[in-house]
Amino acid sequence: MSMRAEDTTGARALRGLADESASVRLRAALAVGTSPDPAFVGGLVERCAVEPDFSVREMLTWALTRHPAAATVPVLVDEVRSERAQARGQALHTLSKIGDRSAWPVITPELLSDADDEVARCAWRAAVVLVPEGEEYALALVLASQLGRGPRATRLSLSRALIALGEAMLPALAAAADAPDPGVRAHALATDRLWHDPDAGFESAVEEAKRIVALGGGGGEGR
């Protein structure tokens, strides 16, 4: 009787994930996370790929983190290979929250340079969480190849990812500070300033970097 009641509650919660009301979907995701069951994982991951509301997506991710990594990580790794950008991005976001390094092989250079800015940002965040010890420098080289990319939010995400790698990223950043592209140089210099002065603020760091580049500086200047 108890098992049947639990099954009914779980099935009702999963149905609620498709409700027209975002508040109903939010409560459904909360219910699933509160009473985790590996049978729910597929439905949660499927909903992540199409859920339009940010708060609901965050609750779906939380619900997935409440389940054993052995049940979630293989499904999420498969989802990272989806053709749907939101599916890739949300799966990467969730993997970064779970933090299971067995997912590292799915973080490929192609994924780190994904054409979709939001997917790339999620990949960068996941990469710095999942990178195995000793592979930080190689990751930094790939991340540095994306310097100068996208609008402010994208560039800030990349700077934070590089800084999270610590000193392993410094050689890649130094090389990028001498790149022919002024946008790449400015982004590298701004990241370098944030590394040395975390309180500087990204906008201030960017403006200072632009000034240095405009004056023909780069490389060791601004350090």
> Where does each of 195, 124 land when they are ranked from fewest to most other beta-carbon atoms within 10 angstrom?
Replying inline: 195, 124
> Percent relative contact order of segment 46-102, based on C-alpha pairs within less than 8 angstrom and at least six residues apart?
Replying inline: 40
> For segment 85-126, what class follows from the C-alpha gyration tensor (a ≥ b ≥ c being the square roots of its eigenvalues): rounded when a/c is under 1.5, otherwise prolate if a/b is larger than b/c, else oblate?
Replying inline: oblate
> Can you list the HN-Hα couplings for segment 153-166, worked out from phi with the Karplus curve (6.51, -1.76, 1.60; θ = phi - 60°), rounded to whole Hz and with x for Gly and Pro?
Replying inline: 4, 5, 5, 5, 4, 5, 4, 5, 5, 4, 4, 5, 7, x
> What order, most packed first, do the peptides 141-147, 174-180 have when packing is the mean number of other Cβ atoms within 10 Å of each residue?
Replying inline: 141-147, 174-180
>> I'd like the Karplus ³J(HN,Hα) series for segment 27-35: coefficients 6.51, -1.76, 1.60, θ = phi - 60°, whole numbers in Hz, and an x wherever there's a Gly or Pro.
In response: 5, 5, 5, 4, 5, 5, x, 5, 10
> Based on Cα positions only, what radius of gyration and what Dmax would you give for segment 74-202, in angstroms?
Replying inline: 14.1, 42
>> Under 25 °C and 0.890 mPa s, how fast does segment 1-154 diffuse according to Stokes-Einstein, given a Kirkwood radius computed over C-alpha pairs? Answer in µm²/s, whole number.
In response: 152
> Using the Cβ atoms and a cut-off under 9 Å, what net charge is assigned to the surroundings of residue 48, where Lys and Arg are +1 and Asp and Glu are -1?
Replying inline: -1
> Using Cα-only point scatterers and the Debye equation, what is log10 of I(q)/I(0) for segment 68-142 at each q in 0.13, 0.25 Å⁻¹, rounded to two decimals?
Replying inline: -0.32, -1.16
>> Apply the Karplus curve 6.51 cos²θ - 1.76 cosθ + 1.60, θ = phi - 60°, to the phi angles in segment 138-144 and return the couplings in whole Hz, x for Gly and Pro.
In response: 4, 5, 4, 4, 5, 4, 5
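Just so you know, all these numbers are worked out from the coordinates, no wet-lab data involved. In this text the structure is predicted, and so the values were computed from the model without any measurement. A quick note on method: Cβ atoms are made from the backbone with ideal geometry, for glycine too, and the neighbour counts reach across all protein chains shown.
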